[in-house]
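Have a look at the structure below, then the notes.
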Amino acid sequence: MTAGRAEYQRRLTSPDEAVSRLKPGQRLILPTFAGAPPALVAALGRGAAEGALRDVTISAILPGRDIARHLVKPELAGKFKWDSLFCAGCDRPGVFTGQYDMTPMHFGQMPRILRAMPAHAIMALASPPDAEGFVSLGISVDYSRSMFDYAPYRVVEINPNVPQVRGPCRIHLSQIDALVESDDPIAELPEPALGDEERAIARFIADRIPDGATIQLGYGAVPSGVGLALTGHKRLGIHTEMFVDPMRVLIEAGVVDNSEKTYNPGITPFTFVGGSAATYRFLHGNSMIEGHPVEYTNDPVVIARHKRMISVNATLAVDLTGQACSESIGGMQYSGTGGQVDFVRGATMSDGGKSFLCTSATAKHGTISCIVDALPPSAVITTARTDIDAVVTEYGVAELRGRSLRDRAQALIAIAHPKFRDSLEEAARARGLGKR
Ligand code: COA
(Lines give C-alpha, C1' and ligand atoms only; values in the text may rest on other atoms or scores of the structure.)
Protein backbone atom coordinates (compact mmCIF):
# COMPACT_ATOMS: atom_id res chain seq x y z
CA MET A 1 0.00 0.00 0.00
CA THR A 2 1.42 3.45 -0.95
CA ALA A 3 1.80 6.13 1.72
CA GLY A 4 -1.07 8.11 0.12
CA ARG A 5 -3.35 5.08 0.10
CA ALA A 6 -2.56 4.37 3.76
CA GLU A 7 -3.27 8.01 4.64
CA TYR A 8 -6.60 7.72 2.81
CA GLN A 9 -7.60 4.46 4.49
CA ARG A 10 -6.70 5.77 7.95
CA ARG A 11 -9.19 8.64 7.56
CA LEU A 12 -11.98 6.62 5.95
CA THR A 13 -15.12 6.29 8.07
CA SER A 14 -18.91 6.13 7.72
CA PRO A 15 -21.05 9.26 7.30
CA ASP A 16 -22.83 8.58 10.62
CA GLU A 17 -19.54 8.21 12.47
CA ALA A 18 -18.21 11.43 10.88
CA VAL A 19 -21.34 13.30 12.00
CA SER A 20 -21.21 11.83 15.50
CA ARG A 21 -17.83 13.53 16.06
CA LEU A 22 -19.42 17.01 15.93
CA LYS A 23 -19.44 18.53 19.40
CA PRO A 24 -22.20 20.54 21.11
CA GLY A 25 -21.68 24.29 20.60
CA GLN A 26 -19.88 23.84 17.28
CA ARG A 27 -20.79 25.63 14.07
CA LEU A 28 -20.68 23.41 10.99
CA ILE A 29 -20.37 24.98 7.52
CA LEU A 30 -21.67 23.32 4.35
CA PRO A 31 -20.56 24.46 0.89
CA THR A 32 -22.62 26.29 -1.72
CA PHE A 33 -25.44 24.50 -3.58
CA ALA A 34 -24.17 21.32 -5.34
CA GLY A 35 -21.06 21.20 -3.15
CA ALA A 36 -23.09 20.04 -0.12
CA PRO A 37 -21.97 16.40 0.42
CA PRO A 38 -25.05 14.14 -0.05
CA ALA A 39 -24.10 11.20 2.18
CA LEU A 40 -22.95 13.48 5.01
CA VAL A 41 -26.03 15.69 4.71
CA ALA A 42 -28.24 12.58 4.92
CA ALA A 43 -26.31 11.51 8.03
CA LEU A 44 -26.78 15.00 9.50
CA GLY A 45 -30.52 14.55 8.97
CA ARG A 46 -30.43 11.22 10.81
CA GLY A 47 -28.33 12.70 13.61
CA ALA A 48 -30.75 15.62 13.96
CA ALA A 49 -33.76 13.28 14.04
CA GLU A 50 -32.12 11.33 16.87
CA GLY A 51 -31.57 14.54 18.85
CA ALA A 52 -27.77 14.35 18.63
CA LEU A 53 -27.33 17.80 17.01
CA ARG A 54 -29.51 19.93 19.26
CA ASP A 55 -26.64 22.30 20.11
CA VAL A 56 -24.97 22.30 16.72
CA THR A 57 -25.40 25.30 14.39
CA ILE A 58 -25.31 24.57 10.66
CA SER A 59 -24.87 27.27 7.99
CA ALA A 60 -24.69 27.42 4.21
CA ILE A 61 -25.34 29.74 1.32
CA LEU A 62 -27.82 28.45 -1.31
CA PRO A 63 -28.96 25.14 0.21
CA GLY A 64 -29.70 22.76 -2.65
CA ARG A 65 -31.19 19.31 -3.36
CA ASP A 66 -29.75 17.28 -0.48
CA ILE A 67 -30.09 19.88 2.26
CA ALA A 68 -33.75 20.34 1.29
CA ARG A 69 -34.32 16.57 1.16
CA HIS A 70 -32.63 15.59 4.41
CA LEU A 71 -31.98 18.52 6.70
CA VAL A 72 -33.76 21.85 6.31
CA LYS A 73 -37.29 20.48 6.50
CA PRO A 74 -40.19 21.11 8.87
CA GLU A 75 -39.93 17.73 10.66
CA LEU A 76 -36.47 18.60 11.92
CA ALA A 77 -37.25 22.12 13.09
CA GLY A 78 -35.71 22.75 16.52
CA LYS A 79 -33.51 19.64 16.32
CA PHE A 80 -30.49 21.70 15.24
CA LYS A 81 -29.87 25.40 14.68
CA TRP A 82 -29.93 26.62 11.08
CA ASP A 83 -28.26 29.97 10.47
CA SER A 84 -28.80 30.81 6.80
CA LEU A 85 -26.09 32.69 4.94
CA PHE A 86 -28.40 33.64 2.09
CA CYS A 87 -32.10 32.73 2.51
CA ALA A 88 -33.17 30.93 -0.62
CA GLY A 89 -35.28 27.94 -1.48
CA CYS A 90 -35.78 25.53 1.39
CA ASP A 91 -34.71 27.85 4.21
CA ARG A 92 -36.78 30.84 3.12
CA PRO A 93 -40.02 29.81 4.90
CA GLY A 94 -38.16 29.15 8.17
CA VAL A 95 -36.41 32.52 7.99
CA PHE A 96 -39.85 34.12 7.34
CA THR A 97 -41.31 32.59 10.48
CA GLY A 98 -38.29 33.11 12.71
CA GLN A 99 -37.66 29.38 13.04
CA TYR A 100 -34.22 29.84 11.44
CA ASP A 101 -31.68 32.59 11.82
CA MET A 102 -30.02 34.43 9.01
CA THR A 103 -26.68 36.23 9.11
CA PRO A 104 -26.22 38.70 6.24
CA MET A 105 -22.82 39.15 4.62
CA HIS A 106 -21.11 39.83 1.31
CA PHE A 107 -20.12 36.52 -0.28
CA GLY A 108 -16.54 37.72 -0.78
CA GLN A 109 -16.17 38.46 2.94
CA MET A 110 -17.61 35.17 4.20
CA PRO A 111 -14.28 33.38 4.76
CA ARG A 112 -13.06 36.17 7.03
CA ILE A 113 -16.37 36.39 8.92
CA LEU A 114 -16.73 32.61 9.37
CA ARG A 115 -13.21 32.43 10.77
CA ALA A 116 -14.01 35.20 13.28
CA MET A 117 -17.35 33.68 14.33
CA PRO A 118 -15.67 31.14 14.64
CA ALA A 119 -16.83 28.25 12.45
CA HIS A 120 -15.51 24.92 13.73
CA ALA A 121 -16.28 22.25 11.17
CA ILE A 122 -16.53 21.88 7.39
CA MET A 123 -18.09 18.99 5.46
CA ALA A 124 -17.33 19.27 1.75
CA LEU A 125 -17.61 17.25 -1.45
CA ALA A 126 -14.44 16.53 -3.42
CA SER A 127 -12.95 14.49 -6.24
CA PRO A 128 -10.89 11.36 -5.56
CA PRO A 129 -7.25 12.19 -4.73
CA ASP A 130 -4.66 12.58 -7.49
CA ALA A 131 -1.30 10.80 -7.47
CA GLU A 132 0.10 13.37 -5.03
CA GLY A 133 -2.77 12.97 -2.56
CA PHE A 134 -4.67 16.15 -3.43
CA VAL A 135 -8.47 16.17 -3.76
CA SER A 136 -10.23 18.94 -5.71
CA LEU A 137 -13.17 20.82 -4.22
CA GLY A 138 -14.23 21.21 -7.87
CA ILE A 139 -17.88 22.25 -7.65
CA SER A 140 -17.82 24.60 -4.65
CA VAL A 141 -14.58 26.22 -3.57
CA ASP A 142 -16.31 29.28 -2.08
CA TYR A 143 -15.69 29.82 1.67
CA SER A 144 -14.96 26.09 2.12
CA ARG A 145 -11.35 26.16 0.90
CA SER A 146 -10.13 28.52 3.62
CA MET A 147 -11.73 26.41 6.37
CA PHE A 148 -9.30 23.57 5.62
CA ASP A 149 -6.51 25.88 6.82
CA TYR A 150 -7.92 26.45 10.30
CA ALA A 151 -11.06 24.47 11.22
CA PRO A 152 -10.61 21.93 14.03
CA TYR A 153 -12.81 19.37 12.21
CA ARG A 154 -12.62 18.86 8.42
CA VAL A 155 -14.54 16.13 6.64
CA VAL A 156 -14.55 15.37 2.93
CA GLU A 157 -16.95 13.17 0.97
CA ILE A 158 -15.10 11.68 -1.97
CA ASN A 159 -17.23 11.27 -5.08
CA PRO A 160 -15.89 10.19 -8.50
CA ASN A 161 -18.47 12.45 -10.21
CA VAL A 162 -16.76 15.59 -8.85
CA PRO A 163 -14.52 17.04 -11.57
CA GLN A 164 -10.85 17.53 -10.85
CA VAL A 165 -10.76 21.25 -11.35
CA ARG A 166 -7.49 23.13 -11.65
CA GLY A 167 -6.46 26.12 -9.60
CA PRO A 168 -6.07 26.75 -5.86
CA CYS A 169 -9.04 24.57 -4.95
CA ARG A 170 -7.14 21.44 -3.97
CA ILE A 171 -6.73 20.04 -0.47
CA HIS A 172 -4.07 17.58 0.59
CA LEU A 173 -5.19 14.47 2.49
CA SER A 174 -3.06 15.64 5.44
CA GLN A 175 -5.47 18.61 5.87
CA ILE A 176 -8.50 16.32 6.20
CA ASP A 177 -9.59 14.69 9.47
CA ALA A 178 -12.18 12.23 8.13
CA LEU A 179 -13.17 10.88 4.72
CA VAL A 180 -16.37 9.24 3.55
CA GLU A 181 -17.26 7.93 0.08
CA SER A 182 -20.31 8.22 -2.16
CA ASP A 183 -21.13 8.16 -5.85
CA ASP A 184 -24.37 10.16 -6.05
CA PRO A 185 -24.78 12.22 -9.22
CA ILE A 186 -23.97 15.90 -8.60
CA ALA A 187 -27.09 18.05 -8.09
CA GLU A 188 -27.93 19.89 -11.30
CA LEU A 189 -29.38 23.36 -11.68
CA PRO A 190 -31.92 23.66 -14.50
CA GLU A 191 -31.57 26.57 -16.89
CA PRO A 192 -34.19 29.21 -16.03
CA ALA A 193 -36.98 29.73 -18.58
CA LEU A 194 -36.65 32.86 -20.71
CA GLY A 195 -39.65 35.07 -21.48
CA ASP A 196 -39.95 38.02 -23.86
CA GLU A 197 -39.09 40.52 -21.12
CA GLU A 198 -35.90 38.73 -20.17
CA ARG A 199 -34.90 38.47 -23.83
CA ALA A 200 -35.45 42.22 -24.31
CA ILE A 201 -33.39 43.05 -21.20
CA ALA A 202 -30.64 40.67 -22.29
CA ARG A 203 -30.52 42.30 -25.74
CA PHE A 204 -30.09 45.79 -24.25
CA ILE A 205 -27.16 44.54 -22.19
CA ALA A 206 -25.53 42.42 -24.90
CA ASP A 207 -25.57 45.47 -27.21
CA ARG A 208 -23.54 47.36 -24.60
CA ILE A 209 -20.87 44.70 -24.08
CA PRO A 210 -17.85 45.37 -26.29
CA ASP A 211 -15.82 42.59 -27.92
CA GLY A 212 -12.86 41.77 -25.67
CA ALA A 213 -14.74 42.57 -22.43
CA THR A 214 -14.58 40.33 -19.35
CA ILE A 215 -17.99 39.28 -18.05
CA GLN A 216 -19.60 38.04 -14.85
CA LEU A 217 -23.12 36.64 -15.03
CA GLY A 218 -25.24 35.82 -11.98
CA TYR A 219 -27.88 33.10 -11.92
CA GLY A 220 -31.32 33.77 -13.32
CA ALA A 221 -33.25 34.24 -16.51
CA VAL A 222 -31.69 37.58 -17.49
CA PRO A 223 -28.05 36.63 -16.90
CA SER A 224 -28.69 33.41 -18.86
CA GLY A 225 -30.36 35.43 -21.60
CA VAL A 226 -27.32 37.70 -21.79
CA GLY A 227 -25.10 34.64 -22.16
CA LEU A 228 -27.21 33.40 -25.06
CA ALA A 229 -27.31 36.87 -26.65
CA LEU A 230 -23.52 37.05 -26.78
CA THR A 231 -22.97 34.33 -29.36
CA GLY A 232 -21.99 36.89 -32.03
CA HIS A 233 -19.34 38.50 -29.82
CA LYS A 234 -15.58 37.95 -30.05
CA ARG A 235 -12.63 37.46 -27.68
CA LEU A 236 -14.69 37.75 -24.49
CA GLY A 237 -13.25 36.79 -21.11
CA ILE A 238 -14.87 35.49 -17.92
CA HIS A 239 -14.14 36.27 -14.27
CA THR A 240 -17.07 35.08 -12.22
CA GLU A 241 -18.43 33.94 -8.88
CA MET A 242 -20.85 31.38 -10.31
CA PHE A 243 -20.04 29.28 -13.38
CA VAL A 244 -23.27 28.60 -15.28
CA ASP A 245 -24.22 26.56 -18.37
CA PRO A 246 -24.27 29.53 -20.78
CA MET A 247 -20.59 30.13 -19.94
CA ARG A 248 -19.71 26.62 -21.11
CA VAL A 249 -21.66 27.25 -24.31
CA LEU A 250 -19.77 30.52 -24.93
CA ILE A 251 -16.40 28.86 -24.32
CA GLU A 252 -17.22 25.87 -26.54
CA ALA A 253 -18.37 28.25 -29.29
CA GLY A 254 -15.07 30.14 -29.12
CA VAL A 255 -16.83 33.38 -28.15
CA VAL A 256 -15.00 33.34 -24.82
CA ASP A 257 -11.28 32.74 -25.25
CA ASN A 258 -9.97 35.04 -22.47
CA SER A 259 -7.38 36.36 -24.94
CA GLU A 260 -7.92 40.04 -24.12
CA LYS A 261 -8.14 39.72 -20.38
CA THR A 262 -5.84 42.16 -18.67
CA TYR A 263 -5.70 39.93 -15.58
CA ASN A 264 -5.46 36.12 -15.63
CA PRO A 265 -5.32 36.02 -19.46
CA GLY A 266 -6.36 32.68 -20.90
CA ILE A 267 -8.11 31.62 -17.68
CA THR A 268 -11.73 31.54 -16.44
CA PRO A 269 -11.74 31.74 -12.63
CA PHE A 270 -14.92 30.86 -10.71
CA THR A 271 -15.80 29.95 -7.13
CA PHE A 272 -18.83 27.66 -7.50
CA VAL A 273 -20.73 25.91 -10.27
CA GLY A 274 -24.44 25.45 -10.75
CA GLY A 275 -25.38 23.76 -13.97
CA SER A 276 -25.86 20.53 -15.87
CA ALA A 277 -23.87 17.30 -15.77
CA ALA A 278 -22.38 18.39 -19.12
CA THR A 279 -20.95 21.48 -17.46
CA TYR A 280 -19.52 19.49 -14.54
CA ARG A 281 -17.82 17.14 -17.02
CA PHE A 282 -16.55 20.11 -19.04
CA LEU A 283 -14.64 21.38 -15.99
CA HIS A 284 -12.75 18.12 -15.41
CA GLY A 285 -9.03 18.74 -16.02
CA ASN A 286 -9.87 21.76 -18.20
CA SER A 287 -6.69 23.83 -18.37
CA MET A 288 -8.66 27.00 -19.18
CA ILE A 289 -10.79 26.93 -16.00
CA GLU A 290 -9.68 27.44 -12.41
CA GLY A 291 -11.55 27.09 -9.11
CA HIS A 292 -10.62 29.85 -6.65
CA PRO A 293 -11.71 30.73 -3.11
CA VAL A 294 -14.46 33.35 -2.96
CA GLU A 295 -12.24 35.85 -1.15
CA TYR A 296 -10.31 35.98 -4.44
CA THR A 297 -13.03 35.84 -7.12
CA ASN A 298 -15.22 38.34 -5.28
CA ASP A 299 -12.56 40.77 -4.12
CA PRO A 300 -13.58 44.06 -5.76
CA VAL A 301 -9.90 44.95 -6.21
CA VAL A 302 -9.25 41.70 -8.11
CA ILE A 303 -12.40 42.21 -10.19
CA ALA A 304 -11.36 45.79 -10.99
CA ARG A 305 -8.00 44.62 -12.38
CA HIS A 306 -9.87 43.50 -15.49
CA LYS A 307 -10.31 46.29 -18.01
CA ARG A 308 -13.86 46.43 -19.43
CA MET A 309 -15.25 44.25 -16.62
CA ILE A 310 -18.99 43.85 -17.13
CA SER A 311 -21.18 42.47 -14.35
CA VAL A 312 -24.80 41.43 -14.81
CA ASN A 313 -27.03 40.72 -11.80
CA ALA A 314 -30.72 40.79 -10.95
CA THR A 315 -32.67 42.94 -8.54
CA LEU A 316 -36.30 43.03 -7.38
CA ALA A 317 -37.05 46.74 -7.01
CA VAL A 318 -35.27 50.07 -7.44
CA ASP A 319 -36.37 53.35 -5.89
CA LEU A 320 -36.26 56.67 -7.70
CA THR A 321 -32.86 57.59 -6.25
CA GLY A 322 -31.25 54.29 -7.32
CA GLN A 323 -31.35 52.18 -4.15
CA ALA A 324 -31.71 48.56 -5.28
CA CYS A 325 -33.53 45.99 -3.20
CA SER A 326 -32.47 42.53 -4.39
CA GLU A 327 -33.29 40.43 -1.36
CA SER A 328 -36.61 41.34 0.22
CA ILE A 329 -40.21 41.54 -0.91
CA GLY A 330 -42.56 43.75 1.04
CA GLY A 331 -40.04 43.90 3.85
CA MET A 332 -39.71 40.10 4.21
CA GLN A 333 -36.32 38.51 3.56
CA TYR A 334 -36.52 36.71 0.20
CA SER A 335 -32.91 36.15 -0.79
CA GLY A 336 -29.41 37.34 0.15
CA THR A 337 -26.77 39.86 -0.82
CA GLY A 338 -24.53 37.12 -2.20
CA GLY A 339 -21.85 38.52 -4.45
CA GLN A 340 -23.95 41.28 -5.95
CA VAL A 341 -22.21 44.22 -4.28
CA ASP A 342 -18.76 42.63 -4.66
CA PHE A 343 -19.25 42.62 -8.43
CA VAL A 344 -21.08 45.95 -8.67
CA ARG A 345 -18.14 47.59 -6.91
CA GLY A 346 -15.44 45.68 -8.81
CA ALA A 347 -17.00 46.37 -12.21
CA THR A 348 -17.54 50.07 -11.54
CA MET A 349 -13.92 50.41 -10.34
CA SER A 350 -12.66 48.74 -13.54
CA ASP A 351 -11.23 50.83 -16.37
CA GLY A 352 -14.06 50.84 -18.94
CA GLY A 353 -16.14 48.55 -16.69
CA LYS A 354 -19.88 48.55 -16.16
CA SER A 355 -22.40 47.00 -13.79
CA PHE A 356 -25.93 46.22 -14.92
CA LEU A 357 -28.72 45.47 -12.43
CA CYS A 358 -31.78 44.07 -14.18
CA THR A 359 -35.43 43.72 -13.29
CA SER A 360 -38.65 43.30 -15.19
CA ALA A 361 -40.51 46.63 -15.12
CA THR A 362 -43.41 44.91 -13.31
CA ALA A 363 -44.05 41.89 -11.09
CA LYS A 364 -47.12 39.85 -10.16
CA HIS A 365 -48.69 39.81 -13.62
CA GLY A 366 -48.14 43.50 -14.21
CA THR A 367 -49.85 44.66 -11.03
CA ILE A 368 -46.70 45.95 -9.24
CA SER A 369 -44.07 48.33 -10.56
CA CYS A 370 -40.49 47.28 -9.83
CA ILE A 371 -39.42 50.91 -10.23
CA VAL A 372 -40.84 52.47 -7.08
CA ASP A 373 -41.10 55.90 -5.52
CA ALA A 374 -39.84 54.50 -2.20
CA LEU A 375 -39.03 51.03 -0.89
CA PRO A 376 -41.16 49.67 1.98
CA PRO A 377 -39.90 50.68 5.46
CA SER A 378 -38.18 47.36 6.25
CA ALA A 379 -36.95 46.59 2.74
CA VAL A 380 -33.30 45.56 2.43
CA ILE A 381 -31.13 47.87 0.38
CA THR A 382 -28.70 45.51 -1.27
CA THR A 383 -26.92 47.88 -3.65
CA ALA A 384 -26.66 51.43 -2.32
CA ARG A 385 -27.38 54.38 -4.56
CA THR A 386 -23.73 55.37 -4.20
CA ASP A 387 -22.66 52.04 -5.72
CA ILE A 388 -25.26 51.59 -8.43
CA ASP A 389 -24.36 52.03 -12.09
CA ALA A 390 -26.98 51.09 -14.72
CA VAL A 391 -30.47 49.64 -14.22
CA VAL A 392 -32.16 47.73 -17.05
CA THR A 393 -35.78 46.78 -17.69
CA GLU A 394 -37.46 45.64 -20.89
CA TYR A 395 -38.05 49.37 -21.62
CA GLY A 396 -34.39 50.35 -21.68
CA VAL A 397 -31.30 51.25 -19.68
CA ALA A 398 -31.18 53.93 -16.96
CA GLU A 399 -27.67 55.27 -16.46
CA LEU A 400 -27.47 56.43 -12.83
CA ARG A 401 -23.81 56.71 -11.93
CA GLY A 402 -22.61 60.27 -11.59
CA ARG A 403 -26.09 61.66 -12.18
CA SER A 404 -28.18 63.90 -9.93
CA LEU A 405 -31.15 62.59 -7.97
CA ARG A 406 -33.49 64.36 -10.40
CA ASP A 407 -31.77 62.87 -13.45
CA ARG A 408 -31.85 59.44 -11.81
CA ALA A 409 -35.56 59.69 -11.07
CA GLN A 410 -36.27 60.75 -14.65
CA ALA A 411 -34.06 58.01 -16.14
CA LEU A 412 -35.78 55.37 -13.99
CA ILE A 413 -39.29 56.63 -14.79
CA ALA A 414 -38.39 56.34 -18.49
CA ILE A 415 -37.71 52.59 -18.08
CA ALA A 416 -40.77 51.91 -15.84
CA HIS A 417 -43.84 50.30 -17.38
CA PRO A 418 -45.79 53.09 -19.19
CA LYS A 419 -48.87 52.57 -17.00
CA PHE A 420 -46.88 53.51 -13.86
CA ARG A 421 -44.96 56.49 -15.29
CA ASP A 422 -47.52 59.22 -14.42
CA SER A 423 -47.83 58.18 -10.77
CA LEU A 424 -44.05 57.89 -10.48
CA GLU A 425 -43.63 61.38 -12.00
CA GLU A 426 -46.15 62.73 -9.50
CA ALA A 427 -44.22 61.10 -6.63
CA ALA A 428 -40.95 62.46 -8.01
CA ARG A 429 -42.43 65.98 -8.20
CA ALA A 430 -43.57 65.74 -4.58
CA ARG A 431 -39.93 65.07 -3.61
CA GLY A 432 -38.48 67.87 -5.72
CA LEU A 433 -37.27 65.41 -8.37
CA GLY A 434 -39.83 66.15 -11.10
CA LYS A 435 -39.07 67.07 -14.71
CA ARG A 436 -37.69 70.60 -15.07
N1 COA B 1 -42.43 43.17 -5.64
C2 COA B 1 -43.06 42.03 -5.31
N3 COA B 1 -42.73 40.82 -5.82
C4 COA B 1 -41.73 40.80 -6.73
C5 COA B 1 -41.02 41.96 -7.12
C6 COA B 1 -41.44 43.19 -6.54
N7 COA B 1 -40.81 44.33 -6.86
N8 COA B 1 -40.08 41.61 -8.01
C9 COA B 1 -40.17 40.28 -8.18
N10 COA B 1 -41.16 39.80 -7.40
C11 COA B 1 -41.57 38.39 -7.29
C12 COA B 1 -41.77 37.76 -8.66
O13 COA B 1 -43.08 37.98 -9.14
C14 COA B 1 -41.52 36.30 -8.35
O15 COA B 1 -42.66 35.78 -7.70
P16 COA B 1 -43.26 34.35 -8.13
O17 COA B 1 -42.15 33.38 -7.80
O18 COA B 1 -44.47 34.22 -7.28
O19 COA B 1 -43.51 34.47 -9.60
C20 COA B 1 -40.42 36.36 -7.29
O21 COA B 1 -40.49 37.67 -6.73
C22 COA B 1 -39.02 36.15 -7.87
O23 COA B 1 -38.79 37.09 -8.86
P24 COA B 1 -37.81 36.78 -10.06
O25 COA B 1 -37.65 38.02 -10.87
O26 COA B 1 -38.22 35.54 -10.78
O27 COA B 1 -36.49 36.48 -9.26
P28 COA B 1 -35.23 35.62 -9.64
O29 COA B 1 -35.47 34.20 -9.33
O30 COA B 1 -34.76 35.97 -11.02
O31 COA B 1 -34.19 36.18 -8.57
C32 COA B 1 -33.15 37.87 -7.23
C33 COA B 1 -33.95 37.57 -8.49
C34 COA B 1 -32.88 39.37 -7.22
C35 COA B 1 -33.92 37.48 -5.98
C36 COA B 1 -31.82 37.06 -7.28
O37 COA B 1 -31.12 37.36 -8.45
C38 COA B 1 -30.93 37.36 -6.08
O39 COA B 1 -31.05 36.71 -5.07
N40 COA B 1 -30.02 38.36 -6.19
C41 COA B 1 -29.15 38.76 -5.06
C42 COA B 1 -27.84 38.02 -5.06
C43 COA B 1 -27.03 38.25 -6.31
O44 COA B 1 -27.29 39.13 -7.10
N45 COA B 1 -26.01 37.45 -6.52
C46 COA B 1 -25.17 37.67 -7.69
C47 COA B 1 -24.23 36.68 -8.03
S48 COA B 1 -24.90 35.02 -8.39
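Axis of helix 405-414 versus longest Cα principal axis of the chain: the two differ by about 90°, to the nearest ten degrees. For region 342-361, the residues whose backbone nitrogen is under 18 Å from a point 7 Å from the Cα of Val301, taken along Cα to Cβ, are 342-351. The residues of region 353-406 have, on average, 42 Å² of accessible surface per residue, using a 1.4 Å probe with all protein chains present. Computed over region 69-139, relative contact order equals 20 percent, with contacts defined as Cα pairs under 8 Å that lie 6+ residues apart. Annotation: amide H of Thr214 within the under-5 Å range of Gly237, Met309, Ile310, sequence separation 5 or more or interchain, hydrogens built in the peptide plane.
Using the 1.4 Å probe convention, the accessible area of region 192-287 works out to 34 Å² per residue with neighbouring protein chains retained. For Tyr334, the residues whose modelled amide H falls within less than 5 Å of its own, excluding neighbours fewer than 5 places apart on the same chain, are Ser328, Ile329.
Relative to one another, the C-alpha centroids of region 74-132 and region 357-436 are positioned 33 Å apart.
In the chain, Rg over Rh equals 0.99, where Rg is the alpha-carbon radius of gyration and Rh the Kirkwood radius from pairwise Cα distances. Tell me the angle of helix 340-349 to the major Cα principal axis of the chain, expressed in degrees between 0 and 90 and rounded to the nearest ten. Here the helix axis deviates by roughly 60 degrees.
Which loop trypsin sites (Lys or Arg not before Pro) in region 349-430, with loop taken from DSSP, have no more than 15 other Cβ atoms within 10 angstrom of their Cβ? Within region 349-430, the qualifying trypsin sites (Lys or Arg not before Pro) (loop, at most 15 other Cβ atoms within 10 Å) are Lys364, Arg401, Arg403.
Placing one equal scatterer on every Cα of region 2-181 and applying the Debye formula, the log10 ratio I(q)/I(0) at q = 0.17 Å⁻¹ is -1.03. Across the chain, the longest piece that holds none of the GluC sites (Glu not before Pro) lying in DSSP loops with up to 15 other C-beta atoms within 10 Å covers 133-436.
Mean sequence separation of contacting Cα pairs (under 8 Å, at least six apart), scaled by the length of region 283-436, corresponds to a relative contact order of 23 percent. Considering only Cα atoms, the convex hull volume of region 147-295 works out to 119 Å³ per residue. Separation of region 5-26 and region 232-275, taken as the distance between their Cα centroids, equals 37 angstrom. Restricted to Cα atoms, region 196-430 shows a radius of gyration and a Dmax of 17.5, 59 angstrom.
Counting alpha carbon pairs within less than 8 Å and at least 6 residues apart, what relative contact order, in whole percent, applies to the chain? Relative contact order for the chain comes out at 13 percent. Using the Cβ-Cβ distance between Asp101 and Arg436 with R0 set to 35 Å, the FRET efficiency from 1/(1 + (r/R0)^6) comes to roughly 0.15.
The phi torsions of region 132-145, fed into the Karplus equation with coefficients 6.51, -1.76 and 1.60 and a -60° offset, translate into couplings of 8, x, 9, 9, 10, 5, x, 6, 9, 8, 5, 8, 5, 3 Hz, rounded to whole numbers, with Gly and Pro shown as x. In the context of the full set of protein chains, region 2-181 has a per residue accessible area of 37 Å² (1.4 Å probe). Please compute the net charge surrounding Val244, taking Lys and Arg as +1 and Asp and Glu as -1 over other residues with Cβ under 12 Å from its Cβ. Taking every other residue near Val244 into account, the sum is -3.
Annotation: amide H-H contacts under 5 Å for Cys87 (H modelled 1.01 Å from N, sequence separation of 5 or more, or interchain): Leu62. Across the accessible surface of the chain, with the other protein chains kept in place and a 1.4 Å probe, carbon and sulfur atoms take up 51 percent. Counting Lys +1, Arg +1, Asp -1, Glu -1, what net charge surrounds Leu30 among other residues with beta carbon under 12 Å of its beta carbon? Value of the local net charge: -4. Electrostatic tally near Arg170: other residues with Cβ closer than 12 Å to its Cβ, Lys and Arg +1, Asp and Glu -1, net -1.
The values are calculated or read from the model by the stated rules, or taken from the named source; none is laboratory data. Everything numeric in this text was worked out from a predicted model, so none of it was measured. Every residue, glycine among them, receives a Cβ derived from its backbone with ideal geometry; neighbour counts consider all protein chains shown. Quick note on the areas: whole protein, heavy atoms, side chains included, nothing else; ligands and nucleic acids left out. Shrake-Rupley method; radii C 1.70, N 1.55, O 1.52, S 1.80 Å.
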